[in-house]
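**Q** So that we are looking at the same thing, I have put the structure below in structure tokens.
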């Protein structure tokens, strides 16, 4: 049985966003579930727009998410392979030169729905004359006008009738190659068995299947995932700003909240927090994806991020805390505060409240003084809050919110947060007394 080999092939012309990672993650999970091979290939033949910074950013983002690769390739290193494949197609008559200008092609498109193959009627003398006039050809792949069928691992039985398509340009006038061609050459040379990509490539599959066959190779299996859209139903590519991976990382999102969300979105499977990639590997199933475009909801992602933190044990949280400069947070504080944060850096506020100093909020100094007088002796524990509030109630006659809220505000400076029975031992008796007196402590 052939070992599974898949690839993620971004262009280093910008930052990765959630739509890219949605594709990368599903390739990675598919390979890992089958003990297969995951290739990272940079499609960097666009030398004007590709930059080393974007290339490095791609690697940084994938490593942050835990999506490590088994091998690495760059298209700029493979130009000789493309040249050889192009020569093979030219020799077989499947790649032919065309000399129409952009204006002439635009006019043709108004008249004909598809390219009329006028260039095939040119004689050698015609071509020599055009080149003598300074015209350089672009090269088109001659499609066989037939129905191309495949069993899509997401969409089921699919077909494309290539008779309705124009012969695609594979080589530009300046001699550079287009993605449609280079991707196929790479997939053959690097042994890809499955191509998992977005549904916007479905129409490419008919063309690329014929290119595979023209180069003497069997086309891999295909899976076309539904494209993500935003809350308004628009493609994510139209508004990448806040949804780039680097921005989400800077916003304090956990990598596994993003991985979990993207592994579930579009499947119809209930969203359950998965703290480790291995958990996602076990449940991954391309056949669960539908055809309709799922909506990516940043609010739902943030909610999932909070749920992940609420379940994260301290031993796993330590690395995350250190990453945001909170290496001095201890297990006791983490266990109390984690249920009240959406992002891990918010633990810093509770670290300051419990271990640092704050300016208390005292609305009634007389009430605070009475509360200080009946504060239990150290050490304070989880039972101390009940003992104390019962004593304060007896001394002041207050109850309910009028009793509890002034004490919370005096000790934390806030009107919300973890249970006070848990916070009181962390704050300690000395800080509690000083804050009840209105001191910054």
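**Q** Under a GNM of the chain (C-alpha, springs under 10 Å), which listed residue has the highest mean-square fluctuation: 337, 366, 317?
**A** Maximum fluctuation in the GNM of the chain, among the listed residues, is at 366.
**Q** Looking at the chain, what % of its DSSP beta bridges pair antiparallel, to the nearest 5? Let's see the in-between values first.
**A** Working: 15 of 29 bridges.
The antiparallel proportion sits near 50 percent.
**Q** Could you sort the peptides 351-358, 228-235, 15-22 by per-residue average Cβ neighbour count (10 Å cutoff), highest mean leading?
**A** 15-22, 351-358, 228-235
**Q** Related question: Using only DSSP helix segments of four residues or longer, with each worth -39500 (n - 2.57), what per-residue ellipticity at 222 nm results for the chain after dividing by its residue count and rounding to 500? Walk me through the intermediate numbers first.
**A** Values: 19 runs with 199 residues, N = 441.
Calculated at 222 nm, the ellipticity per residue is -13500 deg cm²/dmol.
**Q** Taking the alpha-carbon centroid of each part, what is the distance from region 195-229 to region 138-186 in angstrom?
**A** 8
**Q** Please order 405, 420 by the number of other Cβ within 10 Å, starting at the fewest. Mind showing how you got there, number by number?
**A** Details: 405 15, 420 18.
Taking fewest neighbouring Cβ atoms as first place, the list is 405, 420.
**Q** Okay, next question. When a footprinting reagent is the concern and you count Cβ atoms within 10 Å, what order do 45, 182 take, fewest first?
**A** Working: 45 18, 182 22.
With the fewest neighbours first, 45, 182 line up as 45, 182.
**Q** Sort out for me the Cα centre separation of region 337-365 from region 1-53, rounded to whole Å.
**A** So the two Cα centres are separated by 42 Å.
**Q** Once both axes come from the Cα atoms, what is the angle between helix 52-65 and the longest principal axis of the chain, in degrees from 0 to 90, rounded to 10?
**A** That helix lies at roughly 50 degrees to the long axis.
**Q** Something else about it: Only one of the listed values, (i) 14; (ii) 18; (iii) 39, was derived from the coordinates as percent of Cα pairs over 41 Å apart; which label is it?
**A** Correct label is (iii).
**Q** Got a sec? How would 142, 288 order by Cβ neighbour count within 10 Å, fewest to most?
**A** On the way: 142 17, 288 13.
Arranged by neighbour count, lowest to highest, 142, 288 become 288, 142.
**Q** Taking the chain as the reference, fit the longest principal axis to its C-alpha atoms, fit the long axis of helix 255-264 to the helix C-alpha atoms, and give the angle between the two in degrees, 0 to 90, nearest 10.
**A** 60
**Q** On alpha-carbon atoms, Rg over Rh for region 357-441 using Kirkwood Rh?
**A** On the way: Rg = 11.2 Å, Rh = 12.4 Å.
Reported Rg/Rh, Kirkwood definition of Rh: 0.90.
Bear in mind these aren't lab numbers, they're just calculated from the coordinates by the rules spelled out. On a predicted model such as this, the values are computed, not experimentally measured, just so you know. Glycine also receives a Cβ, built like all others from the backbone with ideal geometry; neighbour counts cover every protein chain displayed.
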